[in-house]
Every structure is written in structure tokens, then in C-alpha cells.
Amino acid sequence: MVELLLILISAVFVNNFVLARFLGICPFLGVSKKVETALGMGMAVIFVMTVASVVTWFIQYLVLIPFGIEYLQTIAFILVIASLVQLVEMVIQKTSPVLYQSLGIFLPLITTNCAVLGVAVLSIQKSYSFLESVVFALGAGLGFTLAMVLFAGLRERLDLCPVPKAFRGTAIALITAGLLSLAFMGFAGLVKG
Amino acid sequence: MLAAVLTIGGIGLVAAVALGIAAKKFAVEVDPRELAVLEVLPGANCGACGLPGCAGYAKGVVEGTIAANLCTPGGAESVEQIAHILGIEAVTADPKVAVVLCQGDNQKATAKYRYLGLDDCNAAQKIADGPKACPGGCLGLGSCERACPFGAIEMTPEGLAVISREKCTGCEKCVAACPRQVISMAPLDAMTHVLCNSHDKGAAVRKYCQIGCIACHICKKTAPEAYKVENFLAIVEYEHHLEAAAAIGKCPTKCIRDFSTGYPQGSSYPAPSVPVNRDSAA
């Protein structure tokens, strides 16, 4: 139990996927202009990461290892994750139009997001058990959402600030992202691993 | 080698079959007219129609729950196209543009206090009802300029919002963004406006603004049809806007402006051409 909690905390704060591992930077910068959309994107990522880690764990241990073709891990994972997300998108669109409105548009964006693939590959590398890899994926998603929402909040405030002309737009966004990453480095002493 | 090919091929095949079945089973039927309507809408997602985004409006129009002429950015052209798609008669709304009813920039209007806060009119308005002595005038911090999805608003160097009559599509986003209700919607072909938003008495207006309406009623006497004076503020009756121009020279504070002679002082926009009104031209 303690082990699982450590994995969770470590994935959310210490090894935050965006701010410490530099994975998933594209949506982090692209969809973070408003807290609302950042939260929607975050929820979609949590969901996809968790589902993807479940499926890829089974692919790895029931298909790739028994056939001795672990070297095909990356391509197999991308294939499975992409089609899975597509499937989920279709099901949501049919069953819950409301959820589709808030989540649906983000799903295609993250089919082959490196953060999602990163979770799958990392939990195999760390030879996590099934439960551990699910918790790890959940933590990674939560950490991603946390970073997104914090950053979107900062950017919303930045919009109202008298930013020097040369720094406006992407420049100040990148500087802010750097400072946020710096702040997250402070968690490094929290959990070892 | 064979195992690798078979495995990846197998995974791909399973995924393809699953997706194929899902696409059939979970297919959501979209009215093709909805897509066609969405095509002719400008895609600004401005919300002027009162629905969330152009897709929402297209859906509403096709279902018949909302009128077809509410897309102001699309104008008469898109209304006609929508009407054609749906096989209904086009009823175009008179095109309107937003006008900032104020000419009191930082040179002409007195400040109440020195404001150093956030660059945002709504924030400034919360501090003792805004930094301008005039209770109705433009605060000049550019909230409307940032709200405009079409880049139709500029701030003059002296802090006055000016809306381009050519770029404005009438989406009313700026009207909602302004904390002082100084922006109003007026017919596109009405070029003459009383550019003042202060309801104070003449003596009070004179104290804080060189170019405000002092409710002297001279415009009303010159062109009785074209003006009304309410709460110490003259307003153009837009149904009779063509007669309003007669009073421009008579106004003692020069707060009536004919936009065809140019925008308020400090604006970089060239004088707009007078639009041809379809009804009066015919």
C-alpha cells in the first residue's frame, strides 16, 4: 500500500511528466490558454493514460514477451493506444454527447501524445506489477492535469499584466513554464525514486 | 520474423475490425444540412447568436429552434445561403455596428484620480467607479479592444476606443465587455451620432469634459425629428438619422460627429465610406 502511494506521489509531483520529464509539452503549451480547457484536456489525459496503461500492460506480458518480440514494443503500443482512443471517442460520442462536448475534442489530440506513450513504456521499464502500473498512470495523468491547470491559471493572469513588448506571447509562456518547472524541482527531495 | 509480422498484423487486424464494428454500431447521424449550414457560417465562434459556437447555431437553425438571421458576422450573405439550404425565405436583419459614444480622451476629459492598476476597464471601474471624472465616458484601457474577435477596435494614443465601421461585424462582444455601457449598437448606414454617454447636467459635464453633451437642446431645435434629449443627454433617433447631420455645426461642444467626415481625434482609421442602404437606394 505504501509502495503504491509512493508511486502515485512520485508521479504527480517529483517526476511530474510535464515539468520534470518534459513529456507532453505540445498540449501543455497549446491548450493552456484557459483553465477550463486545460482542465478538460487534463481529464482526457488521465482517462486515456489509465486505459492505455491497462491495455499495454496486457499487450506486453501476454503478447510481446511470450512471442519474444519485445523490440516491437513502441510500434505495438502506438497501434493499440491510437485505435483504443479512437474506439473510446466513438463510444462517448454515441452514449454521452455532453461528455463528448467537453472531452471529445481533446481525445484525437492525445492519441499519440508522447506523455501517454511514455507512461506505457516507463511502467514496463520499471517492471511494475499490473496494479502498480495503473496507479503510476493515474498519477502521471493527475500530475499532467495539475501542471496544465497551474500553467493555464498563470497564463490567464499574464494576459492582464503589462508584459514588455519583446516578451509577449510564446516567449513569456515559455519563461513561465521554465519557472514552474523550477518550482517543481523543489519536490525532488520529497520521495526518493 | 514471422511471429513479429503475425503479431503486429494481428493486433492491427483486431483493432481494425473492432473500429469497423464500432463505427457502424455507434454511428451518430448528423443532418447533412447542419454541415452545409456550418460551411456558410463565418466560423468565428463569437456567440453573437446566443448559442455556443457556430456548430451550435447550425444545429439550432436546422432544428428550427432559432431564427436564421441571428449571425451578425455572416451578415445578409450567410442568411441568404442558410435560407437557400433550408428552403426558407430569407429575412435579413438590418446590419448594425458598434459605436463608442464618447470622445473624451485623456486630453479632453478630466481624471478623478491616477489609476495604476491592471490594464483592464472592468478592474478600473471597480475602484471608486473608475478613474474618469465622467461617470459614463470611455476608460480607455482597451477591454473592448481585447474582446473584439475581428480586430475592429483601436485605442487612440490618448486612451479612447474607436471602432472601425468597416471591420465591425456587429457581434456585440465589446458591448458586453465594457463596464460603462459606452458602446451601443446603431444601424450601419447611420453616420451621425451624439458621442457622449454622460447623463449629468450641463454644468457638471462642462467641468470634466470639453466635448460632452450639455443638454442645451440646440440639436433638438434644429432637427426636431432626429434628436431626443433624455436625462440631460441628446440621442440620435436612428429612424431619422439622415436629418441629424443638420445639427452638427450648431452643437456648442461639438459632441455630434458625422463619421463620414472621419473618426474621433487620434484615430488612425481613414474616414469610412457611406454604406448604401438597400431600402433607401431602391
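The values are calculated or read from the model by the stated rules, or taken from the named source; none is laboratory data. This one's a predicted model, so the numbers in the text were calculated from it and none came from an experiment. Note that we place each Cβ from the backbone using ideal geometry, even for glycine, and neighbour counts take in every protein chain shown. Surface areas here come from the heavy atoms of the whole protein model, side chains and all, with no ligands, DNA or RNA. Shrake-Rupley method; radii C 1.70, N 1.55, O 1.52, S 1.80 Å.
Things worth noting here:
- The set of residues in the stretch A:151-187 that are of a type in the set (A, V, I, L, M, F, W, C) and within 14 Å of another protein chain (Cβ to nearest Cβ) comprises A:L158, A:L160, A:C161, A:V163.
- Considering residues of the stretch B:224-242 that are touching an Asp or Glu at 6+ places or on another chain (Cβ under 8 Å) and either more than 17 Å from B:C196 (Cβ to Cβ) or part of a strand (DSSP E or B) (or both) only, the residue least open to solvent (accessible area, probe 1.4 Å): B:Y227
- In the stretch B:17-33, the residue that is nearest to A:Q86 (Cα to Cα) out of those that are away from chain A (no Cβ under 14 Å) and touching a helix residue (DSSP H, G or I) at 6+ places or on another chain (Cβ under 8 Å) is B:D31.
- All positions within the stretch A:67-90 that are at the interface with chain B (Cβ under 7 Å from one of its Cβ atoms), assigned to a helix (DSSP H, G or I) and not β-branched (V, I, T): A:L72, A:A76, A:L79, A:S83, A:Q86, A:L87, A:M90
- Scan of the stretch B:112-155 for residues that are open to solvent by less than 60 Å² (accessible area, probe 1.4 Å), touching a Phe, Trp or Tyr at 6+ places or on another chain (Cβ under 9 Å) and part of a loop (DSSP other than H, G, I, E, B), ordered by number: B:G130, B:P131, B:A133, B:C134, B:G137, B:L139, B:L141
- Residues satisfying the stated conditions in the stretch A:106-137, i.e. more than 16 Å from the chain's Cα centre (by Cα) and either of a type in the set (A, V, I, L, M) or within 14 Å of chain B (Cβ to nearest Cβ) (or both): A:I124, A:L131
- Candidates A:A171, A:A120, A:A147, filtered to the one that is over 23 Å from B:A18 (Cβ atoms), of a type in the set (G, A, S) and in contact (Cβ under 8 Å) with a residue 40 or more places away in the chain: A:A147
- Entry remark, the stretch B:120-143: residues being within 13 Å of another protein chain (Cβ to nearest Cβ) and among the hydrophobic types (A, V, I, L, M, F, W, C) number 4 in total.
- Of the residues making up the stretch A:95-103, at least one is of a type outside the set (V, I, T), out of contact with any strand residue (DSSP E or B) (no Cβ under 7 Å at 6 or more places or on another chain), open to solvent by less than 80 Å² (accessible area, probe 1.4 Å) and under 30 Å from B:D120 (Cα atoms).
- Identity of the residue in the stretch B:243-261, open to solvent by 50 Å² or more (accessible area, probe 1.4 Å) and out of contact with any Ser or Thr (no Cβ under 8 Å at 6 or more places or on another chain), that ends up farthest from B:I211 (Cα to Cα): B:E243
- Residues in the stretch A:87-145 that are among the polar types (S, T, N, Q) and closer than 15 Å to A:M49 by Cβ: A:T111, A:T112, A:N113, A:S123, A:S133, A:T145.
- For the residues B:G50, B:G64, B:G43, the requirement of being surrounded by fewer than 16 Cβ atoms within 10 Å (Cβ to Cβ), more than 14 Å from every other protein chain (Cβ to nearest Cβ) and touching a Phe, Trp or Tyr at 6+ places or on another chain (Cβ under 9 Å) singles out B:G50.
- Here A:A166 meets each of (1) hydrophobic (A, V, I, L, M, F, W, C); (2) more than 15 Å from A:M41 (Cα to Cα); (3) surrounded by 15 or more Cβ atoms within 10 Å (Cβ to Cβ) with one exception, condition (3).
- Listed by position, the helices (runs of 4 or more DSSP H) contained in the stretch A:1-66 that have at least 1 residues being acidic (D, E) are A:2-9, A:35-58.
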